[in-house]
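Quick notes on the structure that follows.
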Amino acid sequence: MGAGYEVFLKGPSLYAFKGLAGRFAPIGVHLAMLLIMAGGTLSATGSFRGSVTVPQGLNFVMGDVLGPTGFLSTPTEAFNTEVHVNKFYMDYYDSGEVSQFHTDLSLFDMNGKEVLRKTLSVNDPLRYGGITIYQTDWSFSALQILKDGEGPFNLAMAPLTINGDKKLFGTFLPVGDTDSSNVKGISMLARDLQSIVLYDKQGKFAGVRRPNSKLPIEIDGTKIVIVDAIGSSGLDLKTDPGVPAVYAGFGALMLTTCISYLSHAQ
């Protein structure tokens, strides 16, 4: 007993053992692995996933975006929640490269009552009713301008394909006879939401303006003010009922693996 053994005496027989937990721990290891596989199966057959790109100021309903992954996928009351993109904005490095993007979201129930508001960013998702919303991407939705003091007008920004992985967006403001077969106008390009590059009808560089700077620029007799740059937020939504089982299984696996190293002696 002084050496740490459990000692039993019955008649002329003496029995002692220690480290019994190490003998049964492998059973716990296998049970933990079964729990992990059960959680993984539930995730594969009972989850919902979806992606959406929403311009600032617009709404979407969660259930319209989420699609089932298997025959066990069952929607919940939270699927009727309406999501409103209050604001989308980005942070930049000193070099001008994008460092982080943020989306301010409001969630409304079926009665139009706000039930949650949060600003999410990459690696800081929003969770509500078993649904997780991740910030994964961004886009340039529209450019808001004043033309000769009139407006504001929203010009849709289109993504342009270039070599490499950097984004480039562009739009076009017709000048003169818009019914002509050879319409000419002012081109505007942007890599992000902080500066707009403008070109005249001949495609020559005309200048750079920042949104909200209120600084006008005159090109081919047209006075333009860049009022705002409207971004779009790229969001991924998912539900995963198997996560608790998988996490519990891995926790039990680590614990029982350590216990299994205890030696058993009798």
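The values are calculated or read from the model by the stated rules, or taken from the named source; none is laboratory data. Please read these numbers as outputs of a predicted model, since none were measured by experiment. All Cβ positions, even for glycine, are placed from backbone atoms using ideal geometry, and neighbour counts span all protein chains on display. All accessible areas refer to the heavy atoms of the entire protein, side chains included, with ligands and DNA or RNA removed. Shrake-Rupley method; radii C 1.70, N 1.55, O 1.52, S 1.80 Å.
Observations
- For segment 156-168, the count of residues that are of a type outside the set (V, I, T), buried (at least 16 other Cβ atoms within 10 Å of the Cβ), at pLDDT 90 or above and in a strand (DSSP E or B) is zero.
- Only residues that are under 17 Å from L146 (Cα atoms), free of Cβ contacts under 8 Å to residues at least 24 places away in the same chain and either not in a loop (DSSP other than H, G, I, E, B) or not small (G, A, S) (or both) were counted across segment 171-205, and they come to 7.
- Test: residue in segment 107-114 that is touching a Lys or Arg at 6+ places or on another chain (Cβ under 8 Å) and surrounded by 11 or more Cβ atoms within 10 Å (Cβ to Cβ): yes
- Contacts under 8 angstrom Cβ, first residue in segment 93-117 being under 19 Å from Q135 (Cα atoms), partner of a type in the set (K, R) and surrounded by 14 or more Cβ atoms within 10 Å (Cβ to Cβ), 6 or more apart: D104/K118; L105/K118
- Of R191, R210, all but one fail to be among the basic types (K, R), under 22 Å from P55 (Cα atoms) and surrounded by 14 or more Cβ atoms within 10 Å (Cβ to Cβ); the exception is R191.
- Entry remark, segment 8-56: residues being aliphatic (A, V, I, L, M) and closer than 30 Å to D104 by Cβ number 2 in total.
- Residues located in segment 194-206, provided they are out of contact with any strand residue (DSSP E or B) (no Cβ under 6 Å at 6 or more places or on another chain) and either open to solvent by less than 40 Å² (accessible area, probe 1.4 Å) or polar (S, T, N, Q) (or both): Q194, Q202
- Long-range neighbours under 9 Å by Cβ, at least six apart or interchain, first residue over 12 Å from M33 (Cβ atoms) within segment 248-266, second surrounded by fewer than 12 Cβ atoms within 10 Å (Cβ to Cβ) and not acidic (D, E): Q266/Y15
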